[in-house]
Every structure is written in structure tokens, then in C-alpha cells.
1. Which is assigned to a helix (DSSP H, G or I), touching a residue at least 12 places away in the same chain (Cβ under 8 Å) and either assigned by TED's automatic domain parsing to the domain that holds A:Phe609 or among the hydroxyl-bearing types (Ser, Thr, Tyr) (or both), of A:Ser750, A:Ser719, A:Ser780?
2. For segment B:270-281, state whether one or more residues are in contact with a helix residue (DSSP H, G or I) (Cβ under 6 Å, 6 or more places away or on another chain) and of a type outside the set (Asp, Glu).
3. Name the strands (runs of 3 or more DSSP E) wholly within segment B:161-245 that hold at least 1 residues that are of a type in the set (Phe, Trp, Tyr) and in the same structural domain as B:Asp321 (by TED's automatic domain parsing)?
4. Among the residues in segment A:487-499, are any hydrophobic (A, V, I, L, M, F, W, C) and more than 27 Å from B:Asn180 (Cα to Cα)?
5. Could you tell me how many of the residues in segment B:246-283 are on the phi > 0 side of the Ramachandran plot and touching a residue at least 12 places away in the same chain (Cβ under 8 Å)?
6. Is it fair to say B:Ser219 is among the polar types (S, T, N, Q), at pLDDT 95 or above and more than 28 Å from the chain's Cα centre (by Cα)?
7. Does at least one position in segment B:101-123 carry a residue that is within 24 Å of the chain's Cα centre (by Cα) and of a type in the set (Phe, Trp, Tyr)?
8. If we only count strands (runs of 3 or more DSSP E) wholly inside segment B:248-336, which ones have 3 or more residues that are within 21 Å of B:Pro149 (Cα to Cα), in contact with a Ser or Thr (Cβ under 9 Å, 6 or more places away or on another chain) and within 11 Å of chain A (Cβ to nearest Cβ)?
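The values are calculated or read from the model by the stated rules, or taken from the named source; none is laboratory data. On a predicted model such as this, the values are computed, not experimentally measured, just so you know. Cβ coordinates were reconstructed from backbone atoms using ideal geometry, including for glycine residues, and neighbour counts include every protein chain displayed.
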Amino acid sequence: MKISRKWLENYITSNKSDEVLEHEFTQLGLECSIIKTNSIDSNVVVGRVISCEKHPNADRLKVCKVDINEASCLDIVCGAPNVTHDILVPVAKVGTKINDFEIKETKIRNIQSKGMLCSEKELGLSENHNGIMILNSKLKIGESINDALDLQNDTIFDFDMTPNRGDCFSHLGVARELAIIEDKKIKDDSFDFKKSNFKSKDMIDVEVADFELCSRYACRVIKNIKVAESPKWLKDKMKLLGQKSINNIVDLANYVMFDTGQPLHAFDYSKLEGNKIEVRLAKKSEKILCLNKEVNKLDGDDIVIADKNGPVAIAGVIGGYDSQVNSDTNHILIESAVFNEINIRKTSKKYDYVKEASKRFERGVDYSNVINVMDKFTMLIVELAGGEVSSDYVDVNNDTYSKKQIKFNFENCNIFLGLSLKIQEYKEIFSKLNIHVSTEQKYLFCEIPSYRNDLNRSVDLYEEVARVYGYDNIPISKTFTNSYKAIFDNSKDINNQIRLILSSRGFFEHYSNSLYSENVLKDFNNNETPEIINESSLDMKFMRNSLMPGMLKAVSFNEKRGQDSFKLFEIGRVHSLIKSYNKEEETLGMVWFGKSVDHWISKFEADIFYSKGEILSFLNQLKLKNLNFEIKKSDFSKVNLNITSNKKTIGYIRILDSNLHKKYKIKNSLIFSEISIDKLHKHIDLDIGFKQISQYPIVNRDISILVSNEIESSKIIKSIFSCSDILLKNAKIFDVYFGKELDKNTKSLSISLKFQSDKKTLVDKEVDKRVNKILKNLKSNFNAIQR
Amino acid sequence: MSLKNKIEKIQNLFNSELASANIDSTVIKELQIKYLGRKGLVSNLFSELSSISADEKPIVGQKINELRTNIQKSFDELNLSDNIDKQQTDVDYSLPGNHFFNGAIHPITQVINDISNIFKNIGFSVYSGDEIEDEFYNFEALNIPKNHPARDMQDTYYLNFEKLLRTHTSASQIHFMEQNKPPVKIISPGRVYRNEDISVRSYCLFHQIEGLFVDNNISFADLKGVMEFFSKQYFGEDVKVRFRPSYFPFTEPSAEMDIYWGLETESDYRITKGTGWLEILGCGMVDPEVFKSVNYESSLTGYAFGIGIERIAMLKYGITDIRLLYEGDIRFLRQF
């Protein structure tokens, strides 16, 4: 919100610089920044044209000698038709910047020119460009135009006001805060205007349906006013505040609102039917044509001001078109009221009219100031538009209103803030805040000013004390307290362990968006997923049910940029919707991407065996037990292996299908895997019982068998173990061979077997017996032939 | 000459021949054939074995075996060192080492971990909340009733079935207090969402760390102490901090903490809006309404704070476009 420093001076003055005030406002809780409006370069000064002669080489140009109260006069070539001698004009000296254009010393048709005489348009003062600006002959020569014309040499503070401080949405409100900084009181405002002897009460009857909707409604009739264009000062104020100037009445209503924080409205009295207005909720299917020429259908949350024929304004939000004040208006009814914050908020949101008035009503206005403000408005109307003011005004209010009082224990406040202030210091702070205090032992009974709708509890006053005393003046405690009851075990968090392992294995960690379009949700699983109902784009309508869309997007992004081989991982939440119940699962995603690395000796190809090995090794490191990869048919990939631990599936590993290669525009080969960290957790076995290491030698035996191609080698290994006793320590496939000399449907597997006993050195006979048993078993189960 | 003597003689001969021989592969091969070949000296000894008495046979046989083993061992050792030597010559050692993939931990994780570790050191435990919330946890319980102007400060994504995507990690506070008796001393990092247009400065989601400490007689001075401690740990001992009043519905008083960033470069001017001060986090004393909503005693006090991770990461590493954090560009990730 914009606040003019000059305007503030109506209430209080300060000797502090803009920068100091900016800082002090901010430290008081009113964050702001400075905007300077002094837009005319200070090199533009008042000058007197001493002589003015025709340019020797140009008919339309003149050569002027201009006195600017410097050692010598300036020669300036000027083309304006109205330039003549003995006038005062604005002179832009060499070096002046006007609209990003710098004035330089130059020759115009062979005559030296040392500056420029300016039009109003060139100075940004008006659109007038018919000639140079002629100044009042009494101005001081050499003075800057800004000072000479008292142009808005002003500072605007742009406040980022927090929503609780409705009282600060005005110059008055900010002035009260400045008074805290300056430790002064603000000037009293008094409003004087002549009253005529007719009565508003005779001309208008006001009925408020419910004081919950409108706790106070005041209005007054002013007759025979002259609606006109606003004077320059008022237009300037509107411009300053970013408001369009409409006419003197409407502009004044805005002016007084920016001044006091109380929104006002003016109706054309003669357009109100029936000498009576009602403040009530809109009825179903009521309509109103608003000031912006839109027709709005109203509903039961909207407060309206209605005459005999229906709504004439949406209270606090926007006026009606038909009852607006325009050049035909003679008599007006001015309104100053307090409407319910929540209704105003709902209505302004619904119609998307978050305007200056509704913004203030939403944050609460000052109940006690309603009449004062109406008086100020009245006085200014009389000044600018004349008119006869009724001797009275209408004031319908909820007279149960009383001032708030808060019982405040200053010792508690000291403890709460870490202070040790005396009662007298509290009284001084409250006095700055216009809070009247009566004392009773350790309690202060604080009477809250009516404009502070935000102060209702002791703790609210603690904050007031803190900000007036200064947050930076509150001591800093240098000890930490800790109860062992507050500490709990975090050792189960393995995410960082996973990150360390994977990053040192060469994976980059990725963070991807969680929001995707429907079109990518069925690529990795069939889980329903939560849907956003107020999405900003259909591309971000659903919560991810897999990490893969984000990871594949990243792969594609990188491949396009020439990165042809890398590994990625991501840890994040994956969502699903099970019977309208949201489930979030912490998930690890991994991608192996690429065809080759340019290296003289190392080879890499995103290959599922590489990935399987990497996953196994890292899950072992996390102490997962009984790990297995099971080939499982999947609707989502031609090649899918389930990763299991203790026979429970914890994730999958897949080769990217060609359709997804196309969809994500990925060319090189890609393996990906997702593992549920929540599931993985259940299989971590940290009960490490040390086992004695055998003292006896290992006996190695290699066997080679021929089996049908279709037989999964993992089943062969499983079968070898299942027919063996504990002496078999390991069985590993070390060669797989297909060849011409073999049957087309046959493969040769070479398996190395390791036997070892914990109790003795094994003799050949014992090992032979076991190897034979294995071979026999393989023969009967898989028709395996020993080579 | 007895067989035993012959054995000894051959051993000595071998020793001297090996000692004087050039270690050259052809010489070694000749020696190998001479001693261990099919018709070599050792084989000859075996064939002579048949001429001695049955009593002596096993003893002498064993001696010949020992001889053979000794000679073989000498050759093995020679071959081994020969092989190693061979491997060590004729190689271009300037060739690069094997390829290993480089990896990195994401800057967001790094910032979360660095900050979490500071708070863990002073007794905060880590609690993770969910990303999908009820209105109650995200708003009402935090003293943000429906139609409260503070809801304007946060553009919320609403989901079907009356859920929403949490707009701040403060929602975790409520869950934790519902499930645990005081004292409470937690931090809660996580992902939060705002319905904002994606640009250089804003993204539809970001990460926060929430902190909450509730006990008896916790004061604003305690809050300032912990926040200052954090700043010194994270930004360095010399950091200058300031606190200024702010507004959050769930804390009273509320504060924002700035650190002095300086005004040395043009970018310093830009990011500090010419003030030199940079907003780092929001904090405050827990509002009594929040305690009410989790049925905590009204005599308790406490403080809460929230730190935006992306903001800190961008400051720390000088990242100017927030989208870089979510693109997964390897050339970006590689730098961390």
C-alpha cells in the first residue's frame, strides 16, 4: 500500500530521513520500501529569456539568450511558437535527462545551443506540447523547477502490510505508527462546515436487517452539489495512489478512504426509490448492474444496499450503475458504514473485485470513527462541490458496542519475552499505543483503541510490547534447554544412507515435480492417484503415482544436451488413492542410462544385469536379507523383474519399452527401477550375530551342464541349493554358452560349486558324493546333461 | 655313487647353474628341460629307483620328490617375477584410469541435511509429515479459519475428497502434538506446494524445514537464541542478524529474521532490494489457539520456525533460476 510522506505531514512530521523511516517502520512491523516521485531532473531550472531573435539559417527557429542566474547567460536554439523575450521558462541545462534522453551541447544549423526550453509534456506535467511552458513571473531564477513549482517532491513508502493490521491501511493509521517512532501525538483533525436546516432523517429511512451484517450504517444527504472534474491537487493524489480520477465526489470518497481507512460511498439521491434503504442479504436471483457495467447475479452471502426496487449497491464491494454520481447529479446521499468482514471477503472473492474498499472492510474498520470520517468527507465536498448539508445525519448502529479491555499481567509478559521491564516502562509503551491503562497490583487493565481490531488477548499485547520495545532490544538467550523426553530415535531414517551409497556409486540425485498430466499415469502402474481440482494447467492435474515420469523427463532433457550415459536416482513421495484414502509411499527411483562411455578400457551399457548387480550390492549394504529377483509378467514392460526380500516384493526393475522410448523421446537404452523405501524398511535386519569363520579349506568343483534354453538359470541355482546340505557354501554361474555345436534350444551353463565344513578338511569322496547328487537332481528336474 | 648322493649333487648343480645363468627366458627354458623334462635329470633319478632295495625305496623316493618340488618352486618364483616384470614394462601409464560414474547429492538435500544437523545437535528430533493434508491440519488448527485473509497469502492446491496439498510444513506440528505429549522438540523437513505460476523465481512446489519447541517457560529470548545460533552455524560466526515483527496466524508474536548480506555487488542490491538485509526465515511464539486445537495446556509456551530450503540453496550457491533445481540437468547436478 502506498503512503505519501507529505500527506503524513497532515498528521505528524518527522525530521528523520526517508531511509531511516523505512528502516524504523520495518522494525516496527510495517515492512516498506521507498519510491521517490521527484521525477523532474534537478538540472531543470527557472530561466528568464532575455532576448529572442530569429535564427539566421532557419525560419521557424529562434535563438534565445537565457539567464539562469549563473556567471553567463545561455544561448539556446528554440523552435516553440510562443517563445518570446522577458518570460520565465523551464530550462533543461546540458546534462539533463528527459525521458532517457540526455541534453547535450550541440550546433543547430550552425548556431551553438547549450540546453533546451521545455514544454509541459517534456517535463511530464501534462500532455500540452503546443509550446514551451511559461512560468509565473514571480518565480526565482535559477531555482530548480521541482522546488519552484513545489512539484510532488514527495516520498512514497510502499508498505507490504500484514493482514492483521487493517488499521494501517490509511495515512492516519501509518501516522499513528509514526507517532510511536517519534514518541509524539498526532494532530487532531477537526471538520467544520455550514449546516442547512433540512434533515436527512426526513429524506431517508435506513433499516439494517441484522447488525451481524452491518454493525453501523451512517449516511447524510447533501443537496445541490456541483459534480465536476477534480481539481489538480486531487487528481494528483489519485494518480499517486494509482486511482483513476472520476469526478470530484467519487475522487473525494477515495481520498478520504486513503486518508482515514474508512471506505465511503455516494449515491445519487434522486435515483433512490422510496426514501428508504435497506441493508440486508441479497435475495435469491436478485441482480444488479454494477459500476463496471457488469450484471451480477447475487446470492445469500452478499450484503446489499437496496431501495424499494432492489439492490443499488453491493455493500462494501462495488456500487450500482444506476445510482452512481455523475454530471447530472444534484443531491447525494453519502454513506459511511461497517460491514461484516467475512461476507465482504466472500463477495469480493466471488466477483473477483478485490478493490480498495473491500480490502479495508475485510481487515476491519474503526467502528468509532464512522461519523468523524463522514464529517471530513462532507466538509471536503462542500469545499469542492458546494451544496447544502443536512443539519443531522442518520446513524443506525448496534449500540451494545463497548470498548475492549484486556487484563494484562506484566510479570508474565516479562517471562514470555525474556524481559525484565518495570511496570512504569509498560505504561509508557502502552501510552505510545494509545492504550489507556489502569493498574491493580500486577495487573494492567488495558483499554484498547477502537481501531485495533486485532488486539483481543494478552498475547496480542505481548507482541505490541515486543515491537514497540524493539525486537532487536530483546535479549538473546545463550543456553539451550532440553528434556530427554523430547528426544526420539531417528536411526531408522535410511534415506541419507541410500543417498550416500548411490552417489558414491555414481548416481546423481534428482528432484522432480510431483504433478503430472493424466496421460503419463498409466505407464508404470494402475494406481489411482489424487486429482487436483483447481489446477492451473492440465499438465499438473494429478499427483505422481511413480517417480518415473519425472526421471524420464530428466533423462530426455539430458540426452538432448549431449549427455549420453549416466545414472540418476530420486527419493520422494509417490501417491495413490485407495477407496478415497490417500496413500503416500516413500520411494526410491533409479535409472541407468546410456549406450557406451568413451573410454579406452572401460565399457558400459545400460544392461539389466549391471543394474541387478548394482541393486543387489546396495541392498546388501543396507542389510536386507533373502534378496531375490523374480521374472514377472507385467502390463507395463516386456521385461520386468520383481525385487523381493524375504519373498515380499519391494520393487521392480525394468527395461524401458520402445513405446516409452518414443513417448519420452529417449534414444539410448535405459533400465529403471523403483523400490518402496517404506517396504524396504521392514526387511532391514540389523541383528548382526557374528559367525565363526571356518578354519578348513574350501573345495572347488566346476560342473558344466546342457539344459533347455527356456529353463531359468535362477531355478537351477535354487534347485542345487535345495538338494544340498550346509557344506555347499556357494554355487555361481561363471559361463553361459550357446553355440553351433549345441542343439538350437540348448544352452551350456558352467557352475562353480564351493564346499566347506566348519569342523574338518573335506575329503574328495565326501565332495564327489554331493556333486553327483546335484547332477542327478538336475537331470531329473531339468533333464540337464553333464558335459 | 649312491642315489642319495646323486640327489644332493643334482640339487647343488642346479643351484649353481641357476645362480650363474642369465635370467633370460631361453636359458630358463633349457634349464627346465634339463632338470624337469621327460628325460631330464630328475626323471632319470626316478627310473634309477627300481634298482634299490624295497626298504629304502620310500625314503629315497620321497627325497627325489622333494628335489623335484624344490626345483619346480625355483622355476615358479622365477616365472612369477618374470611375469610381474613383464607387466610392468611396455605399458603407457599415462592412459586414463578406468571409468567410474560420478555422482552427487542434490543441493536441496545438502541444505536440508546441513540445517537439520545443526538443530539435531541442540536436541531437535526429526519428524516427517505427509504432503496431503486435511484443511484442519493445514489451516484451522493453525489458527487460519475459513475466510481468513491469511489464506490469501497461500495459493492452495485442493484435491478431490476434501484434501489439499500442504502449503507449509507447519501442518506437521499439529500431527506431532496430537500424537505426543509435551515437551516437544522437533524439526520437520518436507515438500510443500503453492499454486503459483512457474517462473525464474517460483515453482509449484518447494521444500521447508519446520521447527517446534514446546515446554514450560520457553521465551522469545530463547527463540532468538536458537535462531542466532543457527545463523552463526550456517552462515558463519560473523553473521549479523536482525529480527523484525511480522505476521503469521499460528505465532504471536511473529518475527522474520534477516541476515546482513552486504551491498558489494549489483546482485546484492537486487536480492536485498537495496537494503543489504536478506530475509532468511519466519518464526514466532506458538499462538495459544494452536495449543487449544491440540488440547495442550494453556500454560505451555513454545516457539516455531520455518525455513525455505530453495531460497537458502539459491543464496548459498548463487543460483538465479529456481527451475534448475528440478530439471535434473547433469551439468548442473555435477557441480554439487
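1. Residue meeting the stated conditions: A:Ser719.
2. no
3. B:184-193, B:205-215
4. So far as segment A:487-499 goes, yes, one or more of its residues are hydrophobic (A, V, I, L, M, F, W, C) and more than 27 Å from B:Asn180 (Cα to Cα).
5. So the count comes out to 2.
6. So B:Ser219 passes the test.
7. yes
8. In segment B:248-336, B:251-260, B:277-286 are the strands (runs of 3 or more DSSP E) which contain 3 or more residues that are within 21 Å of B:Pro149 (Cα to Cα), in contact with a Ser or Thr (Cβ under 9 Å, 6 or more places away or on another chain) and within 11 Å of chain A (Cβ to nearest Cβ).
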